[in-house]
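The values are calculated or read from the model by the stated rules, or taken from the named source; none is laboratory data. All of these numbers come straight from a predicted model, not from anything done at the bench. FYI the Cβ positions are ideal-geometry reconstructions off the backbone, even for glycines, and counts take in every protein chain you see. Heads up: the accessible areas ignore ligands, DNA and RNA and are worked out on the full protein's heavy atoms, side chains in. Shrake-Rupley method; radii C 1.70, N 1.55, O 1.52, S 1.80 Å.
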Amino acid sequence: MTRTSEALIPKLQEYVTAHSTPADEILCDLAAETEKLFPDDSFMQIGSEQGSFMTLLAQVAGAKRAVEIGSFTGYSAICTARGLQPGGSLLACDISEEWTSVAQRYWKRAGLDDTITLKLGPALDTLRALPAEPQFDLAFVDAEKEDYVDYWEELVPRVRSGGLILADNTLHHGQVVDPEEKATNVQGIRAYNARVRDDDRVEQVLIPIGDGLNMARKK
């Protein structure tokens, strides 16, 4: 019996995707348009199996209020919002009007434009303007990697006990274990993973899905 996670070779990745809840027409169209409009940036969009996983997480957690740091063209926001309880809300934070103009079209098409509220501007400013008290059931971080620790420190006080904080790209294409890799974004991810691991306010696991998803549950 294996005691380690599998590295997903292409055929195994195809199998995982084929045996997960598939992306619907809206998400497929969004992924295709993102690839067409932003070919150099489309890698920032989460994969379909991660999207399905995030929808399930939101449902299992019974999340009603969520926040997302970094929305790009809106794929992950749709996945999270679909898992929220009736009457739920998602605060989506991003700095790009160009990217989020695509997101807003697809949020409307998905019937989620009343669920998702977009806040343009630096996410740290947005978070710091909120009351420093528990108000979110779920948070997802997928923005500038060197700022991840700062996002963490702002989010933890604002997430309720039992709530989840998810951070994307926390394996950074395997570069986190390369001692020769000194890029600031990789160092930011290493610092984040270490900070979450050592924070006694949470319990957490680093999941090898997509490019790595760090999931923490606030005690």
**Message:** Under 9 Å between Cβ atoms, which residue pairs at least 6 apart in sequence (or on different chains) link something in region 110-136 that is charged (D, E, K, R) with a partner that is open to solvent by less than 40 Å² (accessible area, probe 1.4 Å)?
**Reply:** ASP113/TRP107; LYS119/LEU91; LYS119/ALA92; LYS119/CYS93; LYS119/ASP94; LYS119/THR126; ARG128/GLU154; GLU133/ARG158
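In region 66-94, which residue that is more than 16 Å from the chain's Cα centre (by Cα) and either aromatic (Phe, Trp, Tyr) or surrounded by fewer than 16 Cβ atoms within 10 Å (Cβ to Cβ) (or both) is nearest to SER52 (Cα to Cα)? Give the steps one after another, and end with the answer.
We begin by selecting, within region 66-94, every residue more than 16 Å from the chain's Cα centre (by Cα); these are 85-88.
Applying the additional criterion that residues be either aromatic (Phe, Trp, Tyr) or surrounded by fewer than 16 Cβ atoms within 10 Å (Cβ to Cβ) (or both) yields 85-87.
Working: GLN85: 16, PRO86: 18, GLY87: 20 Å.
Only one residue tops the list, namely GLN85.
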**Asked** Could you count how many residues in region 170-208 are open to solvent by less than 30 Å² (accessible area, probe 1.4 Å) and not in a helix (DSSP H, G or I)?
**Response** 3
**Message:** For region 17-40, check the following and say yes or no: at least one residue is touching a residue at least 24 places away in the same chain (Cβ under 8 Å), surrounded by fewer than 15 Cβ atoms within 10 Å (Cβ to Cβ) and at positive phi.
**Reply:** no
